[in-house]
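Asker: Pasting a structure here, questions to come.
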Amino acid sequence: MKRICFSLLCLFSTLTPTLQAQKTQQKPNVIFIYADDVGYGDLSSYGATKIATPNIDRIGKEGIRFTNAHTTSATCTPSRFGLLTGKYPWRQKGTGVLPGDASLIIPTDQLTLPKVFQNAGYKTASIGKWHLGLGENNKQINWNEPITKGPNETGFDYAYFFPATSDRVPTVFIENHEVQGLDKDDPITVDYAKKIGNEPTGLENPDLLKLPASPNHGHNNTIVNGIGRIGWMTGGKQTRWTDEEIAHVFLSKAEQFMEQNRKNPFFLYFSLNDIHVPRMPSSQFKGKSQMGLRGDVILQMDWTIGEILKKLDELGIAQNTLIIFSSDNGPVLDDGYADKAVALAAGHKPAGALRGGKYSAFEGGSRVPWLARWPQVIKPGMVSDALICQIDMTASFANYFGQKIEANEAPDSFNVIDAMLGKTKTGRTKLIKQGGALSITIENWKYIEPREGKAIQELTNTETGNNPMPQLYDLSKDLGEKTNLADKYPTKVKAMAAELERIRESGRSR
Ligand code: NG6
Ligand code: CA
């Protein structure tokens, strides 16, 4: 008996450390949740009082909340390009907001964020909004056949997505290369230049709209599900989505992917449709906020995050999963549909204390919420003002996995993994961002390049940041960019303009 006990003890003591080592050495799952158009002031953890986002806030409470985190750009396509390639989007032509029939803009031979994870042995997935183009350069997409290039070719093992935005045709889901539910007797065609077919349009049949378009915004081409879209489509009647179901469809695909990969490390790029226009919450959330449809979809988004957190617990993988929540650009109230977002905001400040919003060179366009939780590693309840940018994900994770990045790859991505995980409050020292104008932030100073053009974008009532004169702000004292100090500090203006120019000319900043 004694001998058995002794040998069992030996066995136990040799096994335990190995098991423990395995457990701590196992690579973490990483979930990057990319909300659409969520502003710096839209979450309760960032000061919102008219709406509550307890599930998203929980990520910060149990982890870290960043106050100085950024996207590269004030609109969607360039921000996503920066996130996934580690390259400033303005270095490549054609990275502005893309139509739904655009070609893929990420070169397939380049390193991308998901490829860093693939190289580390992860299973990767892109679920949700794509908006980075599909298919070969300059070749018209045939929606009725497998689509040659997209998320799968840029580093994602699995993809379930829609091509562009929910206000743009085609209004279909794609799994890997194939439009879901294709009917060969009702082929899909798409056009952005001219009307095709004879389906009703928002312009000709406004009486058929359940969500009217705002005047002068467009959004009045083919009507799908009672909503006028940007662009025309015909066919694919059975394949078209119902807007009210989009959040649930993407969530269930994300949950499926997590379940299937619970035993191996995975990277999930979960790119929400919320809170982009058209804001069409499911009946579960319709009318549940005090701010109309925009508030309702904020609640729906928060619920979605709650479901993801629940799923992590259920699968027993919460401890070793890094979950990050951020947004692709700043907020906008009227972005094309008469959803009463402006009238019902009632004191809610979507950009918080920041000036501008989506489309703007001011902070409101590109300083975004960023919350991260990784129970095994990040201490709970931290708040960090480290300067970090989504473009840094590629170099940061490459560094984490000990991968070397070639000089010509991810040229603007910096390794700030220690800041991202709350080990230091030092991030990058400088960052170039893009509204209409480019700006450079160095430490606490921000310089915005002179740019002609309207100071206010009339359609959305956003302050663009355009100014024919240089602008200089001291963000440490003036986060709201109210006092232009360019005249007071001409030497600083000159130095910052020169640094912006140097980085632009050199083709890389890392
Ligand atoms: C704009 C659309 C806007 C939205 C945006 C893209 C008009 C007048 N406005 O061009 O509604 O779709 O593009 O948003 O067409 S983003 O978040 O994907 O960048
Ligand atoms: Ca967006």
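Asker: Please list, in chain and number order, the residues 5+ apart from ARG451 or on another chain whose amide H is under 5 Å from its amide H, with Hs placed from the backbone.
Answerer: Under 5 Å from the amide H of ARG451 lie the amide H atoms of ASN467, MET469, each far enough along the sequence or on another chain.
Asker: Then there is this: How large is the translational diffusion coefficient of the chain in µm² per second when you combine the Kirkwood radius over alpha carbon pairs with Stokes-Einstein at 37 °C and 0.692 mPa s? Could you put the intermediate results ahead of the total?
Answerer: Values: Rh = 23.6 Å.
Answer, rounded: 139 µm²/s.
Asker: Averaged per residue, what accessible surface does segment 431-506 expose to a 1.4 Å probe, in Å²?
Answerer: Details: 4070 Å² over 76 residues.
Accessible area per residue: 54 Å².
Asker: Would you mind checking the pairs LYS253/LYS286; LYS404/LYS430; LYS253/LYS433; LYS349/LYS482; LYS349/LYS433 and listing those with alpha carbons more than 28 angstrom apart?
Answerer: Details: LYS253/LYS286 23 Å; LYS404/LYS430 22 Å; LYS253/LYS433 33 Å; LYS349/LYS482 16 Å; LYS349/LYS433 22 Å.
Result: LYS253/LYS433 exceed 28 Å.
Asker: Same structure, new question: Return a whole-number percent for the relative contact order of segment 431-506, with Cα pairs under 8 Å and 6 or more residues apart as the contact set. Can you show the working numbers first?
Answerer: Working: 109 pairs, mean separation 19.3, N = 76.
The normalised contact order for segment 431-506 reaches 25 percent.
Asker: Can you list the trypsin sites (Lys or Arg not before Pro) in segment 54-106 that are in a DSSP coil and have 10 or fewer other beta carbons within 10 angstrom?
Answerer: Working: sites: ARG58, LYS61, ARG65, ARG80, LYS87, ARG91, LYS93; in loops: LYS87, LYS93.
Passing both the DSSP loop test and the Cβ count: LYS93.
Asker: Any chance you could list the semi-axes, whole Å, largest first, of the equivalent ellipsoid that the Cα gyration tensor gives for segment 431-506, using √(5λ)? Don't skip to the end; give the middle numbers.
Answerer: Values: eigenvalues 79, 46, 26 Å².
Each semi-axis is √(5λ); the values are 20, 15, 11 Å.
Asker: Subtracting the Cα-Cα distance from 0.36 nm times the residue separation, let me have the gained length for GLN180 to ASN408 in nm, one decimal.
Answerer: Working: separation 228, 0.36 × 228 = 82.08 nm, distance 3.70 nm.
So the extension gain works out to 78.4 nm.
Asker: Here is a further query. Which of the trypsin sites (Lys or Arg not before Pro) found in segment 366-431 are loop residues per DSSP with 10 or fewer other Cβ atoms within 10 Å of their Cβ? All intermediate terms of the calculation are to be shown ahead of the outcome.
Answerer: Values: sites: ARG367, ARG373, LYS404, LYS423, LYS425, ARG428, LYS430; in loops: LYS404, LYS423, LYS425, ARG428.
The qualifying sites are LYS404.
Asker: A further question on this structure: Using only Cα positions of segment 189-234, each an equal point scatterer, no hydration layer, compute I(q)/I(0) via Debye at q = 0.29, 0.30, 0.33, 0.34 Å⁻¹ and quote the log10 values to two decimals.
Answerer: The Debye formula, applied to the Cα set alone, gives -1.04, -1.10, -1.27, -1.32.
Asker: Sum -39500 (n - 2.57) across every DSSP H segment of at least 4 residues in the chain, then divide by the residue count to get the 222 nm mean residue ellipticity, nearest 500. Present the calculation step by step, with values, prior to reporting the outcome.
Answerer: On the way: 11 runs with 125 residues, N = 510.
Value at 222 nm, helices only: -7500 deg cm²/dmol.
Asker: Sort SER283, SER103 from largest to smallest accessible area, using a 1.4 Å probe on the heavy atoms of the protein chains.
Answerer: Working: SER283 105, SER103 20 Å².
These residues rank, largest area first, as SER283, SER103.
Asker: Counting other C-beta atoms within 10 Å, and keeping those with at most 16, which DSSP coil trypsin sites (Lys or Arg not before Pro) do you find in segment 151-217? Numbers along the way, then the final one.
Answerer: On the way: sites: ARG168, LYS184, LYS194, LYS195, LYS210; in loops: LYS184, LYS194, LYS195, LYS210.
The qualifying sites are LYS184, LYS194, LYS195, LYS210.
Asker: Counting only protein heavy atoms, what percent of the accessible surface of the chain is carbon or sulfur at a 1.4 Å probe?
Answerer: Numbers: 10850 of 20830 Å².
Here it works out to 52 percent.
The values are calculated or read from the model by the stated rules, or taken from the named source; none is laboratory data. Treat the numbers as computed from the prediction; the structure is a model and nothing was measured. Every residue, glycine as well, gets a Cβ built from its backbone with ideal geometry; the counts of neighbours run over all protein chains shown. The area values use the complete protein model at the heavy-atom level, side chains included, leaving out ligands, DNA and RNA. Shrake-Rupley method; radii C 1.70, N 1.55, O 1.52, S 1.80 Å.
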